[in-house]
Structures are given as structure tokens and as C-alpha cells.
Amino acid sequence: MAGNLQIVFSYVPDGVTDEEFGEWYDAHLPEILSIPGFVSAQRYRLEPVVSDATEPVSYRYLALYEVDADPETLLAEMAKLRLGNIDSYAERKAIDSSGPPLPEWWDRVRFASWNCIALGERVSADAVAG
């Protein structure tokens, strides 16, 4: 397993079905995985367990990417391919038709991402059960 992660939370606007968003994201995944340093991806639907009434979260999906490059390198590679944010991606699509077309709801979708840098070694349940 790669040592670090990049996580991306997604908010899908009202009127967009889970299937529509899933189809677009599945078509978009090869673009991300073509970036040097991205090793694998797994998507998740978020189902709240503990919530905070003061800071409600509206994201419905999480994409978990295993990466084996440092965050600065990943960000630079993403910027080169105009995959760093929704605006640069829309600019890219205006001049490059590769990858999936932008859906009509693109200007209403929201993403938030973090690079997750591993601290210490991975600990398994078996290791702590003793």
C-alpha cells in the first residue's frame, strides 16, 4: 500500500442523481490515475454516523486515492494537467476534449480535497489485540 493518501469529498447538487454523478466520476477516474504518483482509487458514499449541528457537512461522496509521491509533486502534476480544481478543469475542457464532457450541472458541484501524510506506521487490529 502506498504511504500517503489524497482524499476528495464531493457535494452533488440537487437534481443530479447518484447514477449521473457516478457515471461522470467513473469516466473521470482515468484522468486522475494518469497523473504520476497516483496509485489507486476507491470511491465511497458517505452515510453520517456522528454529526455536528454547529458545522453540518453536506458532502455525500469520498474518493480515496493512494499516492506514492510527495504532495508538492502531486499538486504540480495536477496543475500541469489542469486537474487542480473545478475552474482549471473547466478551462481544460474548453481547449481539450479528452476525458468525459462536463455535465450541465458542473458549475454547481463542489469538491474539497486534502493530502494525507502518513504519521508513523500503519497499525492493524491484530497488532493491538495482543
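The values are calculated or read from the model by the stated rules, or taken from the named source; none is laboratory data. Fair warning: this is a prediction, and the values are worked out from it, not measured in the lab. Virtual Cβ from ideal backbone geometry, glycine too; neighbours counted across all protein chains shown.
Restricting attention to region 83-130, the residues that are more than 26 Å from Thr17 (Cβ to Cβ), touching a residue at least 24 places away in the same chain (Cβ under 8 Å) and of a type outside the set (D, E, K, R) add up to 5. Taken over region 104-123, the criterion of being modelled with pLDDT under 85 and among the hydroxyl-bearing types (Ser, Thr, Tyr) is satisfied by no residue. Among the residues of region 39-57, those identified as small (Gly, Ala, Ser) and modelled with pLDDT under 90 are Ser51, Ala53.
Residue by residue, here is whether (1) assigned to a helix (DSSP H, G or I); (2) of a type in the set (Asp, Glu) holds:
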position: Glu20; (1), (2): yes, yes
position: Trp24; (1), (2): yes, no
position: Glu31; (1), (2): yes, yes
position: Tyr44; (1), (2): no, no
position: Glu47; (1), (2): no, yes
position: Glu72; (1), (2): yes, yes
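Please indicate, with yes or no, whether at least one residue in region 83-103 is under 21 Å from Gln42 (Cβ atoms) and either in contact with a strand residue (DSSP E or B) (Cβ under 9 Å, 6 or more places away or on another chain) or modelled with pLDDT of 90 or more (or both). No, region 83-103 has no match at all. The C-beta contact set for region 1-27 (first residue within 13 Å of Trp105 (Cβ to Cβ), second residue in a helix (DSSP H, G or I), distance under 7 angstrom, 6+ apart or interchain) comprises Val12/Phe21; Pro13/Arg108. The residues in region 92-130 that are among the charged types (D, E, K, R), closer than 16 Å to Ile32 by Cα and either assigned to a helix (DSSP H, G or I) or within 17 Å of the chain's Cα centre (by Cα) (or both) can be counted, and the count is 2.
Condition check for Leu33 on (1) within 25 Å of Val123 (Cβ to Cβ); (2) loosely packed, with under 13 Cβ neighbours inside 10 Å; (3) in contact with a strand residue (DSSP E or B) (Cβ under 7 Å, 6 or more places away or on another chain): one failure, at (1).
Which one of these does Asp68 not meet: (1) surrounded by 16 or more Cβ atoms within 10 Å (Cβ to Cβ); (2) over 18 Å from Ser10 (Cβ atoms)? Going through (1) surrounded by 16 or more Cβ atoms within 10 Å (Cβ to Cβ); (2) over 18 Å from Ser10 (Cβ atoms) one by one, Asp68 breaks only (1).
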